[in-house]
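Visitor: Sending over a structure as structure tokens; questions will come in a sec.
The values are calculated or read from the model by the stated rules, or taken from the named source; none is laboratory data. Values in this document were obtained by computation on a predicted structure and should not be read as measured data. Every residue, glycine among them, receives a Cβ derived from its backbone with ideal geometry; neighbour counts consider all protein chains shown.
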Ligand code: NAD
Ligand code: LMR
């Protein structure tokens, strides 16, 4: 007979959810790009999440070291490492949630769209793997430019006949995390108690914070609104410049991605009222993809909320955001269709 720990692992590989060694119900999660600046702290945070029973760490470099390191944490999740394209299928088989932070980050002076040429191909390959090995998994896409990589993923899944719009989510949580922090700073509040919806997309003017809908309700001056909108839209660039060539946001991003993944898992578990902003296939505007508040549940996205009443400033911002978004979305679609 195999030793007990191996038997438990065999059990973990059957069924879509499973019991971890601690006995609690858990999910199987893969991180693709797990040895990177985001991937490593994200893997650590997921290893700490009691909802995760199996954690697969995939990258084209360095996963043995990252996996050995993280596997020593005495939390419930079983960690396995996968290295290189020939192990992608094994990394993905049986997964409930796939989080993708694989790809190159910006350097000062670059836009997120400047990453398209490299990251589009990476996202295509990884999503082909998802379509083949875990076509029903929820996908959290972090790789930039998100406004194009989410449409790329959708086209790959359509081509494979596995596209489920409820299962594909572009991660824009960092915009909300930043907005909550910056607004709390201006208002003198605890950032954990502030909630700012951020809609549109994830690049420059496509990042549209709805400061008229801040919770708790508050009144900001027009100077504060213009300062906050600009800071939230350029939060990523603020970090890229501070890192001065060493990459972009990794730690705050891992925090945001771990929070978003936890919300997806709580939704899958059946928790009520799990709401996050995310860039998804949407009919909220005339564009095929748009970020807005979505409710997460057992089937992934259960409901997409409309934008609600906008201020005149936000309506103008929305028009600018849509103009850029339409191009970025089309660029992603064309990359697969061409
Ligand atoms: P990084 O260079 O530190 O790490 C990226 C990792 O991806 C590396 O370990 C690399 O080996 C791996 N990788 C490259 N090609 C791969 C492939 N084909 N398969 C699997 N893994 C592969 O970069 P980072 O700082 O972690 O950023 C990763 C991506 O996330 C960038 O595109 C960045 O722009 C984006 N990002 C998005 C957000 C957001 O809010 N959505 C925030 C921050 C960064
Ligand atoms: C961010 O918002 O921090 C990320 O999209 C990374 C970047 O390039 O700014």
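Visitor: Do the conditions hold for residue 177, that is, is it surrounded by 17 or more Cβ atoms within 10 Å (Cβ to Cβ) and over 30 Å from residue 130 (Cα atoms)? Quick ask: steps written out before the conclusion?
Guide: Values: surrounded by 17 or more Cβ atoms within 10 Å (Cβ to Cβ): yes; over 30 Å from residue 130 (Cα atoms): no.
So residue 177 does not fit the description; no.
Visitor: Is one or more of the residues making up region 213-233 within 16 Å of ligand 1 (Cβ to nearest atom), in contact with a helix residue (DSSP H, G or I) (Cβ under 6 Å, 6 or more places away or on another chain), within 24 Å of residue 101 (Cβ to Cβ) and in contact (Cβ under 8 Å) with a residue 60 or more places away in the chain?
Guide: Checked against the condition, which is being within 16 Å of ligand 1 (Cβ to nearest atom), in contact with a helix residue (DSSP H, G or I) (Cβ under 6 Å, 6 or more places away or on another chain), within 24 Å of residue 101 (Cβ to Cβ) and in contact (Cβ under 8 Å) with a residue 60 or more places away in the chain, region 213-233 yields no hits at all.
Visitor: Quick one: which residue in 128, 185 is surrounded by fewer than 17 Cβ atoms within 10 Å (Cβ to Cβ) and within 14 Å of ligand 1 (Cβ to nearest atom)?
Guide: When all the criteria are applied, what remains is 128.
Visitor: Does any residue in region 238-250 that is within 12 Å of ligand 1 (Cβ to nearest atom) come within less than 7 Å, Cβ to Cβ, of a residue that is assigned to a helix (DSSP H, G or I) six or more places away or on a different chain, and which pairs are these?
Guide: What qualifies is 248/236; 248/239; 248/240; 249/174; 249/236; 249/239; 250/41.
Visitor: Determine the pairs where a residue that is under 21 Å from residue 153 (Cβ atoms), located within region 170-181, has a partner that is assigned to a helix (DSSP H, G or I) and more than 9 Å from ligand 1 (Cβ to nearest atom) with Cβ atoms under 8 Å apart, the partner being 6 or more residues away or on another chain.
Guide: 170/147; 170/150; 171/260; 173/259; 173/260; 174/235; 175/232; 175/235
Visitor: Further, regarding this structure: Consider only pairs whose beta carbons are under 7 Å apart and that are at least six residues apart or on different chains; among these, list those whose first residue lies in region 293-321 and is without any contact (Cβ under 8 Å) to a residue 12 or more places away in the chain and whose second residue is surrounded by 14 or more Cβ atoms within 10 Å (Cβ to Cβ) and assigned to a strand (DSSP E or B).
Guide: These pairs meet every condition: 303/294; 303/295.
Visitor: A further question on this structure: Can you find even one residue in region 135-151 that is over 17 Å from the mean Cα position of the chain (by Cα), more than 8 Å from ligand 1 (Cβ to nearest atom), surrounded by 22 or more Cβ atoms within 10 Å (Cβ to Cβ) and on the phi < 0 side of the Ramachandran plot?
Guide: no
Visitor: Just to be sure I understand, how many residues within region 301-327 are within 18 Å of the chain's Cα centre (by Cα), farther than 22 Å from residue 144 by Cα and either at pLDDT below 95 or surrounded by 13 or more Cβ atoms within 10 Å (Cβ to Cβ) (or both)?
Guide: Going through region 301-327 one residue at a time, the tally reaches 2.
Visitor: Name the residue that is farthest from the chain's Cα centre (by Cα), counting only residues in region 65-114 that are on the phi > 0 side of the Ramachandran plot and more than 14 Å from ligand 1 (Cβ to nearest atom). Don't jump to the end; show me each part of the working.
Guide: Filtering region 65-114 for residues on the phi > 0 side of the Ramachandran plot gives 84, 94, 103, 109.
Filter once more, so that each one left must be more than 14 Å from ligand 1 (Cβ to nearest atom): 94, 109.
Numbers: 94: 20, 109: 24 Å.
The qualifying residue farthest from the chain's Cα centre (by Cα) is 109.
Visitor: What number goes with the only condition from (1) surrounded by 16 or more Cβ atoms within 10 Å (Cβ to Cβ); (2) part of a helix (DSSP H, G or I); (3) within 16 Å of ligand 2 (Cβ to nearest atom) that residue 267 does not pass?
Guide: With respect to (1) surrounded by 16 or more Cβ atoms within 10 Å (Cβ to Cβ); (2) part of a helix (DSSP H, G or I); (3) within 16 Å of ligand 2 (Cβ to nearest atom), residue 267 is out only on (3).
Visitor: Given (1) within 16 Å of ligand 2 (Cβ to nearest atom); (2) touching a strand residue (DSSP E or B) at 6+ places or on another chain (Cβ under 8 Å), identify the lone condition not met by residue 130.
Guide: (1)
Visitor: Pick out the one residue from 283, 330 that is at pLDDT 95 or above, within 18 Å of residue 197 (Cα to Cα) and away from ligand 1 (no atom under 16 Å from the Cβ).
Guide: 283
Visitor: Quick check on my filter: what residues within region 67-93 are touching a helix residue (DSSP H, G or I) at 6+ places or on another chain (Cβ under 6 Å) and assigned to a loop (DSSP other than H, G, I, E, B)?
Guide: Result: 73, 75, 77, 93.
Visitor: Could you tell me whether region 223-239 includes any residue that is out of contact with any strand residue (DSSP E or B) (no Cβ under 7 Å at 6 or more places or on another chain), modelled with pLDDT of 95 or more and assigned to a loop (DSSP other than H, G, I, E, B)?
Guide: yes
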